[in-house]
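Just so you know, all these numbers are worked out from the coordinates, no wet-lab data involved. Values in this document were obtained by computation on a predicted structure and should not be read as measured data. Every residue, glycine among them, receives a Cβ derived from its backbone with ideal geometry; neighbour counts consider all protein chains shown.
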Amino acid sequence: MVTVCCTDLLQVQSSYIGRFAPSPSGPLHAGSAVAALASYLDAKAHHGGWRVRMEDLDIPRNVPGADRVILQQLKALGMQWDGEVLYQSRRLHRYQQAFDTLLSLNLVYPCGCTRREIADSVLRTQGHFPDGERPYPGTCRSGLPKGRQALSWRLRVAQGQVVFNDRWLGPMTQNVSQMVGDFVLRRADGIWAYQLAVVVDDAEQGVTHVVRGEDLFSSTARQVMLGEMLGLARPEYLHVPLVTDNAGQKLSKQNGAAALDLSDPLGVLTRAWVALGFDPLPVEDVRSFWAAAIPVWVQGLSRANLHGINHRFYDPQ
């Protein structure tokens, strides 16, 4: 069983622990600045702790030195994290322990299907990829077909709805078995899947509140389900709108989003603040920005227009 243990949690004045978890596949860009800003603001508004985690499991995508650049960018923006930076690549044994727990409960099984085979199966049966997902048809659920070898390992997903609350979006449900199916915990290349690592890491870092971009919203039900299987406490979630380019695509490192121009850190913060739907603040430097922004965040995100998106519920507490 995974245990939550962090010796310096007692130094934090609040039970709130937030985190920012970038991938070191390149420097931060405008989209990641928005996610970092929202996460940091929420932690400071709660007088809580804020941790940084490098999600560097996908080694082929990592860029040497990108982690140091990201940390320098955060410092330049006035975001100081608590405790040591956690690197997933140094924690492979913890993911193995969690996996072994699930294996002992008969909740994981080997799969010999390729991504192409799964995609073809979805297109044959549904004609499209629902919400961008490729629901696994359960081909290997009862055992590997004859002549097949294990490529990946999947979680045995139960039928029914997963219910959770998003502090911005409101009460949410997802039928993971229908929308996603049995999902991968260890990839064919041997790399631990994001879904497993993030659940284990959030628990061990004592994370109570997850504030992140809306692109990760679809992963939430899977993470809630996995956390419950491992007997871990569920954090609260808040997903903020994404920053898109002129074509409506999410800004990302894969799409060639430009690195932040830190010759003007206040400008970076202001643009991220406005992207969340707030009016610009009458401030002159980074320090005064935080002094002004945190009280506004405390008042509640109803003050933000969120680009006209009508979110149904927000609880600033």
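Sort 207-216, 93-102 by the packing proxy (mean of other Cβ within 10 Å over each peptide's residues), most packed first.
Final packing ranking: 207-216, 93-102.
Could you give each residue of region 139-149 its phi-based ³J(HN,Hα) in whole Hz, using Karplus coefficients 6.51, -1.76, 1.60 with θ = phi - 60°, and x for Gly or Pro?
Per residue, the Karplus-derived 3J(HN,Hα) values read 3, 9, 4, 9, x, 5, x, 4, x, 9, 10 Hz.
Mind ordering 39-45, 290-296, 273-279 by average Cβ neighbours within 10 Å, highest first? Before the final figure, lay out the partial values.
Working: 39-45: 23.4, 290-296: 15.6, 273-279: 18.3.
Descending packing order for the listed peptides: 39-45, 273-279, 290-296.
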